[in-house]
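Below: the structure, in structure tokens.
The values are calculated or read from the model by the stated rules, or taken from the named source; none is laboratory data. Here the structure is a predicted model, which means the values were calculated and not measured. Here the Cβ positions follow ideal geometry from the backbone for every residue, glycine too, while neighbour counts run over all protein chains shown.
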Amino acid sequence: MTGARGAVLSTTASDASACAMTVVRGDCVDVMKAMPSKSVDFIPTDPPYLVRYCDRSGRTVKNDDNDAWLNPAFWTLAIEFQYYLMIGLGFPLVNSRNRIIRWAVLALFASGGFFVGGHGLLPDGAPYGPFIFTFSFMFLLGIVTFQRHSKLIGAAEYAILITAALIGTWLTVGLPAMAAGLFAVVAINFYNKRQVITKFLGDISYSLYLLHWPVGHLTLSLVGSKLLGATSDGARIAVIFFALAVCLVSSYLLYVLVERPAQQWSSRIKYGTSRKQAVVEEVSGIAPASSPEPTATEAT
């Protein structure tokens, strides 16, 4: 059954054993009024999902017992939110100038990848489901790369830590994830050219991350299926490129209207004078708000 003005898929008692289906084209509300009482066993429709549905005959809905199929973009936001909280609270320790403290904190954080989540070395992991510690080593790749670019650690220490992080990523979340992490590390370390295209993609990257699934999926569904009814390979490819263009434009608007103003607002927060201010500005790409010139009274 699809929508208030869609088609109806139905089975009757006589043909249920043969799994025969009838497509009835018409107004769903009107068609349902003509259905015999107690003749419907199951209606796939809007949420809630993940309820382990089972009808009177024992039929179930595939994947209704797990959340692996849910929107991956918004699922990763939950992981990122955990990371933001942890790095915000532990930033002084992660970036301590004391190497022993720094290494101890990183080791404690990374060790969770072996024990928490189903992707760890333990077959079933702890009963927490996907949690940030499952991806500890992948986050470690970014942390130590930041430490290197902010000149907190030297080349030798960075080589040791990045190698350990890559091996840990391979052992906990697999070779493809390690390859993706290695690609990002190599790009950050060796690609320093600032071009119009790369700057544009870098600016909108987070907004694109947020919008590519909902906006792209909606565009593909509306334009490809509803409006054009694209069935040929050429038509489908054209719709994909159109959806990509819509995602890029939408992401740019979100960046200009929301993300960039938020960055500017946050840059006005003063945390005190830092000897590494210029380095932090270079690494983050966000210049701190300029302080007003002192007045004659303040200067005296």
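List of remarks:
- Exactly one residue out of V258, V280, V239, V249 is part of a helix (DSSP H, G or I), at pLDDT below 80 and hydrophobic (A, V, I, L, M, F, W, C), and it is V280.
- In the condition set (1) assigned by TED's automatic domain parsing to the domain that holds L244; (2) within 27 Å of S96 (Cβ to Cβ), T145 is compliant with all but (1).
- Residues (surrounded by 11 or more Cβ atoms within 10 Å (Cβ to Cβ), part of a helix (DSSP H, G or I) and not polar (S, T, N, Q)) located in region 224-236: G224, A235, R236
- Positions within region 247-256 being surrounded by fewer than 17 Cβ atoms within 10 Å (Cβ to Cβ) and either outside the structural domain of L211 (by TED's automatic domain parsing) or closer than 9 Å to T219 by Cβ (or both), in sequence order: none
- Those residues of region 214-239 which are within 19 Å of I204 (Cβ to Cβ) and of a type outside the set (S, T, N, Q), in sequence order: P214, V215, G216, H217, L218
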